[in-house]
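Working notes, structure below.
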Amino acid sequence: MNTTKHHITRKLVVLVVLGIVLGLFSGCGKGDPTGAAESAIIKYFADKNAPAKSVKFIDKPEVYADSCRSPEDKGTTIKGTVAVEGSDGKSLKFEVKVFVADKDGWTSVTSVEADKQEATRLQRISNLRMIGQAILLYSNDDNTKYRRPGHYPPDLGTLTKAEPIEPKWFISPIDKLTILPLLATPDDAAAWVNQNTSYIYLGAAMNTDADPAVIVAYEKPGLDKDGSMALFGDLHVDFVKVADLQATLARTK
């Protein structure tokens with residue numbers, strides 16, 4: 001009797017070990033597709049010039065078409081709502097769908113879908129935040145060739161020489177008419193930005209003590225019929241409705 005029990009126990013152990021080994025090499029349960037999806041979403045926003053500090057699924061996402069159940073699909077689709085944290089710590093919510101290819105331990109992500117309107121809004125905010133960061137660096141630097149310590153730059157083009165910041169950040173994502181050309185030198189970039197930027201700059205006479213309620217730079221009127229994304233005196237970014245824009249500009253002047 002004991003011999004029979006011992007024999008059955010050995011068979012069970014062999015089956016369990018075999019099941020674990022087969023599971024490891026079959027792709028079932030390999031890695032974490034949700035983690036791979038979150039990494040892919042960060043890359044998606046980075047490619048859209050809207051870098052994110054972190055991405056987390058808010059609720060448990062839908063996971064379907066797993067390769068273990070449907071071998072012909074060769075991967076997993078993950079759908080859900082994510083919180084995307086920007087560089088200032090604020091978060092925006094997005095509906096996303098990610099396909100994770102089942103190879104190399106869930107590392108190959110082939111597509112990301114996000115709400116285009118929200119993604120564009122994040123890009124608009126990100127552009128002005130990037131300009132704001134460049135202005136802050138400019139005002140805190142004591143290199144007098146391009147900078148005036150404690151003061152904001154005389155124009156936006158100066159930032160391309162002083163920091164530098166790439167000219168692409170001076171084109172709003174909703175500006176479909178402005179095309180960035182190939183620019184050979186920093187002086188070319190500065191001149192082009194001053195002539196073609198999507199933003200109206202009002203900070204030439206401002207300094208680091210600027211009133212948080214005044215506008216430093218904002219999207220040219222007409223790009224968005226509802227209003228303009230604006231960079232304020234303390235370098236925070238907010239949307240200003242058309243009805244409020246003139247009153248806000250009056251405080252600036």
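The values are calculated or read from the model by the stated rules, or taken from the named source; none is laboratory data. Only a predicted model underlies this, so the values are computations on that prediction, with no experimental measurement involved. No Cβ is skipped: glycine too gets one built from the backbone with ideal geometry, and neighbour counts run over all protein chains shown.
Tally up the residues in the range 25-62 that are in contact with a Gly (Cβ under 9 Å, 6 or more places away or on another chain), modelled with pLDDT of 70 or more and more than 18 Å from Gln123 (Cβ to Cβ), please.
10
Is it the case that the range 150-161 has a residue that's β-branched (Val, Ile, Thr), surrounded by 18 or more Cβ atoms within 10 Å (Cβ to Cβ), farther than 14 Å from Leu235 by Cα and modelled with pLDDT of 90 or more?
yes
Are there any pairs, at least 6 apart or on different chains, whose C-beta atoms fall under 9 Å, with the first in the range 45-74 and within 12 Å of Glu85 (Cα to Cα) and the second at pLDDT below 70 and of a type in the set (Ser, Thr, Tyr), and if so, which?
As it stands, the answer is Pro51/Ser87; Ala52/Ser87; Lys53/Ser87, since those pairs meet every condition given.
With the range 186-252 as the region, which strands (runs of 3 or more DSSP E) entirely inside it contain at least 1 residues that are in the same structural domain as Gln133 (by TED's automatic domain parsing), among the polar types (S, T, N, Q) and surrounded by 15 or more Cβ atoms within 10 Å (Cβ to Cβ)? Write out each step before concluding.
On the way: elements: 199-201, 215-219, 227-232, 237-241.
The strands (runs of 3 or more DSSP E) meeting that bar are 227-232.
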